[in-house]
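The block underneath contains the structure these notes are about, expressed in structure tokens.
Every number in this text was worked out from the coordinates using simple rules, so none of it is lab data. Please read all numbers here as calculations on a predicted model, not as lab measurements. Quick reminder, even Gly has a Cβ in these numbers, built from the backbone with ideal geometry, and neighbours come from all protein chains shown.
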Amino acid sequence: MKKVGLSILVILAISALGLWFGEGKNPLSTVSALPIFIIIFLTLISTRTTSKSKRIVLNLFLPVLYIGFWFVGTLVFNKVFNGCVDRGEEVRTSISKYFADNGRYPESLSDLKVKSLPGKLLLRPNLIEYRRTPSGYSLEFSDWLVIFSATDKEPFKALE
């Protein structure tokens, strides 16, 4: 029974790790591939006493599981990033409405109390980074190639 619980925990951890790295701004970094080697190494060590067929299955299953969730994470990131490109101005509109209602800018995007703002990832923080400044605010989101930036006075623009 303990082995089953541990196995489920390992599968959940590997799945979450794959999703976490896939949701990163640069999912092709070498850091994303490092868990695959760690998983294989740990599986080889922990399965020394099991049969050869079980070792082969585990050494194939766990890396494939990680890669599958990594791929799902990259799909989530791409969808969220594209949503920010398409709907980023909604964030500026919501902040302007908050300012009109309260006479100040919010401390964080969560203060906006809006149902659905773009930028929400599954495991990582919101893709859109909000910073309140002494005179207004700045917004930014990026992937590995381009940075989009906006302020209380300027709409989103792609920076290089």
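Just for region 56-70: of the residues that are touching a helix residue (DSSP H, G or I) at 6+ places or on another chain (Cβ under 8 Å) and within 15 Å of L17 (Cα to Cα), which one is surrounded by the most Cβ atoms within 10 Å (Cβ to Cβ)? Show your work before the answer.
Initially, region 56-70 is screened for residues touching a helix residue (DSSP H, G or I) at 6+ places or on another chain (Cβ under 8 Å), giving 58-59, 62-63, 65-70.
This time we only want the ones that are within 15 Å of L17 (Cα to Cα), so: 62-63, 65-70.
On the way: L62: 19, P63: 18, L65: 17, Y66: 26, I67: 16, G68: 15, F69: 19, W70: 24.
Looking at the filtered set, the residue picked out is Y66.
Of the strands (runs of 3 or more DSSP E) lying entirely inside region 94-160, the ones with 3 or more residues being surrounded by 12 or more Cβ atoms within 10 Å (Cβ to Cβ) are found at 129-132, 137-142, 147-151.
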